[in-house]
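S.K.: Pasting a structure here, questions to come.
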Amino acid sequence: MSKLAEQHCVPCRGGVPPLRGEALIPLAQQLPDWKIVEEHHIAKTFLFRDFKIALDFVNRVGAVAEQEGHHPDLCVAWGKVDVQIYTHKIKGLSESDFILAAKIDQVYSAGLG
């Protein structure tokens, strides 16, 4: 599991430029199943046996997001959850986005898939 999952999200107060280009590479390498989209957000689709398990995953991710003070965009459908993460205040990516993604992977690995 990624060392990112051991860290905590840092609140963003804005005024900080989003990560771009080569600054994204070491973070992305730790989360190979996540896709960087236009250097704006990271995305991943999680698959489940049914809607109930997908909804349980969303609720668990919500608890982690609240604990970290950093919130993903979640779209739940039958058998899947699409997750997008970016730092809203800077309209782009920060290290906290990758930390939250690693924590979401841990939730999924806990037996929900």
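The values are calculated or read from the model by the stated rules, or taken from the named source; none is laboratory data. Here the structure is a predicted model, which means the values were calculated and not measured. Positions of Cβ are generated from backbone atoms using ideal geometry, with glycine treated the same way; all protein chains shown enter the neighbour counts.
S.K.: Go through the residues of region 86-97 one by one and say whether even a single one is at pLDDT 95 or above, of a type in the set (A, V, I, L, M, F, W, C) and within 18 Å of CYS12 (Cβ to Cβ).
M.R.: Yes: one or more hits.
S.K.: Which residue pairs have Cβ atoms under 8 Å apart, sit 6 or more places apart or on different chains, and have a first residue in region 97-113 that is farther than 20 Å from THR87 by Cα and a second that is at pLDDT 95 or above and acidic (Asp, Glu)?
M.R.: So the pair list comes out as LEU112/ASP56.
S.K.: Out of all the residues in region 90-107, which are of a type in the set (Gly, Ala, Ser) and either closer than 11 Å to ALA28 by Cα or in contact with a strand residue (DSSP E or B) (Cβ under 6 Å, 6 or more places away or on another chain) (or both)?
M.R.: SER94, ALA101, ALA102
S.K.: Can you name the number of the only condition in (1) modelled with pLDDT under 95; (2) buried (at least 16 other Cβ atoms within 10 Å of the Cβ) that LYS103 fails?
M.R.: (1)
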